[in-house]
Amino acid sequence: MQEWRERGDPLVIERTFGSRLFDADGRSYLDANASWWSSSLGHGHPRLVAALRRQAESLCHTPLAGIAHAPAAELAEALCRVAPAGLEHVFFSDDGSTAVEVAMKLALQFWAQQGRPERRAFVALEGAFHGETLGATALGGVEVFRRPFEGALLECHHLPPPLEPGSLDRCVDALERTLARDTRRIAAVVLEPVVQGAAGMRLYDPAYLRAARELCDRYDVLLVFDEVMSGYGRTGPLWACAHAGIAPDVLCTAKGLTAGILPMAATLTTRRVFEGFLGDPERAFYYGHTFCGNPLGAAVALEVLRVFEDEHVLERAKPKALRIARAFAAMAALPGVTSVRSLGMIGALDLAGDAGYLARAGWRVYAEARARGAYLRPLGNVVYVTPSLNIPDADLDRLLAIVHESVTAAAGGA
Ligand SMILES: *Cc1c(COP(=O)(O)O)cnc(C)c1O
């Protein structure tokens with residue numbers, strides 16, 4: 001905070017459109033991270049803006065407190081149609097963190113009502129990021145976000161993700177040992193499928209997800225996938241768990257749900273979990289956020305799904321994903337770059353030197369990119385792009401060229 005205040009050169013954005021941000025001085029920047037992985041259809045998509053305007057004219061908000069409305073009902077139905085198999089019920093909330101918070105409370109209350117109130121602990125991965133609320137912080141495995149709250153968090157076992165080649169069996173063993181040892185006490189295993197976003201766009205083997213599915217079935221523990229970042233086509237298919245061909249018991253989605261236009265989230269679950277809340281009034285899930293199921297968000301989210309279909313967004317993103325993969329592969333040879341990776345509409349590279357969220361190397365590249373007209377916010381020493389899925393090819397090529405030039409310049413090359 002102090003550095004930000006003292007150096008003070010804020011980027012003041014006045015307007016956005018498509019893949020560009022425009023600042024108060026009239027400069028434009030390609031949005032390399034699609035406003036933190038949310039603006040998947042570009043800024044200001046005319047159909048989404050029109051859906052928002054239409055909805056605002058008739059019904060902006062009523063809480064879903066003994067009240068139903070068409071936008072939320074239609075969205076729930078549409079989500080279940082495109083969701084991984086077996087997810088038949090939807091709970092709406094406000095953002096990615098609360099989608100995860102809902103998943104955690106669902107799991108805890110579900111087990112309590114199954115006569116297993118001692119199931120209070122969670123399992124997550126080292127380097128995990130699941131949001132900012134206190135429950136989600138407990139699942140988080142990024143040290144700098146977690147440390148200030150140590151001692152005030154729910155119990156969570158953090159296990160290694162299979163990042164290195166050949167580490168899969170060892171990581172699955174660790175999961176199995178933990179579940180076998182603590183079956184009695186574990187409520188859920190929570191994973192970001194295939195890609196750990198905030199940890200630095202770290203990719204891991206989908207076979208781990210299949211193993212987790214099998215183990216959760218064997219020990220009857222809930223499997224939660226946090227698709228807040230990986231969902232809505234970011235990794236190729238609509239949901240990242242499709243890489244593994246399996247479905248979770250609970251799925252969290254936000255960010256791409258409204259394509260970054262409004263804060264809204266959904267937590268999907270199975271009939272089994274849903275039915276665990278039927279019966280006496282005290283068995284209900286009392287989670288009454290004021291803005292649960294907000295009609296504006298729901299109307300936009302519905303239109304997002306229609307745009308995905310009408311504009312063949314996933315299909316048309318495939319050649320764009322290839323452009324990203326090729327560009328990042330070529331950057332492996334640049335000075336200062338230690339590794340590169342890509343999956344779907346994600347391309348990332350690691351810079352030499354300190355690793356972790358507070359590493360400075362990425363910020364030197366950020367400064368070079370800003371001067372060249374791109375907003376390229378790093379994750380410590382990780383420089384990455386996660387542009388909108390429909391970014392025009394010319395913008396994408398320019399963005400990738402800026403990344404290349406900026407990495408080179410930051411290494412003292414040009
Ligand atoms: C961003 C993110 C969250 C939190 O979402 P917010 O909308 O910022 O609260 C949770 N999980 C993952 C995987 C995320 O990337």
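Points worth noting:
Quick grid of which residues meet (1) in contact (Cβ under 8 Å) with a residue 60 or more places away in the chain; (2) aromatic (Phe, Trp, Tyr):
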site: Asp226; (1), (2): yes, no
site: Tyr232; (1), (2): yes, yes
site: Ala244; (1), (2): no, no
site: Pro248; (1), (2): yes, no
site: Leu251; (1), (2): yes, no
site: Ala284; (1), (2): no, no
site: Thr290; (1), (2): yes, no
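- Exactly one residue out of Asp205, Asp220, Asp226, Asp249 is charged (D, E, K, R) and at positive phi, and it is Asp220.
- Residues considered: Ser97, Ser58, Ser38. Of these, the only one that is in contact with a strand residue (DSSP E or B) (Cβ under 9 Å, 6 or more places away or on another chain) and either among the polar types (S, T, N, Q) or within 16 Å of the ligand (Cβ to nearest atom) (or both) is Ser97.
- Scanning the range 64-87 turns up no residue that is touching a residue at least 24 places away in the same chain (Cβ under 8 Å), within 16 Å of the ligand (Cβ to nearest atom) and within 30 Å of Leu399 (Cβ to Cβ).
- Search result, residues across the range 100-140 that are buried (at least 24 other Cβ atoms within 10 Å of the Cβ) and away from the ligand (no atom under 13 Å from the Cβ): Leu106, Ala107, Phe110, Phe122, Val123
- Residue list for the range 245-292, restricted to those being aliphatic (A, V, I, L, M), more than 21 Å from the chain's Cα centre (by Cα) and under 17 Å from Leu64 (Cα atoms): Ala284
- For the range 74-94, the set of residues classified as of a type in the set (Val, Ile, Thr) and out of contact with any strand residue (DSSP E or B) (no Cβ under 8 Å at 6 or more places or on another chain) consists of Val82 only.
- Answer from Pro165, Pro161 - the residue that is more than 16 Å from the ligand (Cβ to nearest atom) and either exposed (fewer than 15 other Cβ atoms within 10 Å of the Cβ) or within 18 Å of Val194 (Cβ to Cβ) (or both): Pro165
- Scanning the range 247-265 for residues that are within 12 Å of the ligand (Cβ to nearest atom) and surrounded by fewer than 24 Cβ atoms within 10 Å (Cβ to Cβ) turns up Leu262, Pro263.
- Residue that is surrounded by the most Cβ atoms within 10 Å (Cβ to Cβ), among those in the range 216-232 that are within 16 Å of the ligand (Cβ to nearest atom) and among the hydrophobic types (A, V, I, L, M, F, W, C): Phe225
- Exactly one residue out of Ser28, Ser35, Ser97, Ser39 is within 27 Å of Cys171 (Cα to Cα) and either touching a residue at least 12 places away in the same chain (Cβ under 8 Å) or surrounded by 15 or more Cβ atoms within 10 Å (Cβ to Cβ) (or both): that is Ser97.
- Of all residues in the range 271-293, those satisfying the criterion of being assigned to a helix (DSSP H, G or I) and either touching a Pro at 6+ places or on another chain (Cβ under 7 Å) or loosely packed, with under 12 Cβ neighbours inside 10 Å (or both) are Arg271, Glu275, Pro281, Glu282.
- One residue stands out in the range 1-25 among those that are under 20 Å from Ala371 (Cβ atoms) and of a type in the set (Asp, Glu): the one that is surrounded by the most Cβ atoms within 10 Å (Cβ to Cβ), namely Asp23.
- Enumerated strands (runs of 3 or more DSSP E) restricted to the range 331-414, each holding at least 1 residues that are touching an Asp or Glu at 6+ places or on another chain (Cβ under 8 Å) and under 25 Å from Cys241 (Cα atoms): 337-343, 382-385
- The set of residues from the range 25-37 being at pLDDT 95 or above and over 25 Å from the mean Cα position of the chain (by Cα) comprises Arg27, Ser28.
- Comparison of Ala240, Ala244 shows that the only residue that is more than 26 Å from Arg184 (Cβ to Cβ) and within 11 Å of the ligand (Cβ to nearest atom) is Ala240.
- Matching residues in the range 137-154 - criterion: being out of contact with any Gly (no Cβ under 7 Å at 6 or more places or on another chain), in a loop (DSSP other than H, G, I, E, B) and farther than 26 Å from Arg210 by Cβ: Glu150, Gly151, Ala152, Leu153
- Residues (part of a loop (DSSP other than H, G, I, E, B) and either of a type in the set (Phe, Trp, Tyr) or more than 22 Å from Ala138 (Cα to Cα) (or both)) located in the range 191-219: Tyr204, Asp205, Pro206
- From Leu296, Leu322, Leu268, residue being within 16 Å of the ligand (Cβ to nearest atom) and either more than 30 Å from Gly412 (Cβ to Cβ) or surrounded by fewer than 17 Cβ atoms within 10 Å (Cβ to Cβ) (or both): Leu268
- Of all the criteria given as (1) more than 14 Å from the ligand (Cβ to nearest atom); (2) under 19 Å from the mean Cα position of the chain (by Cα), the one not satisfied by Arg170 is (2).
The values are calculated or read from the model by the stated rules, or taken from the named source; none is laboratory data. Source: prediction; values computed, not measured. Quick reminder, even Gly has a Cβ in these numbers, built from the backbone with ideal geometry, and neighbours come from all protein chains shown.
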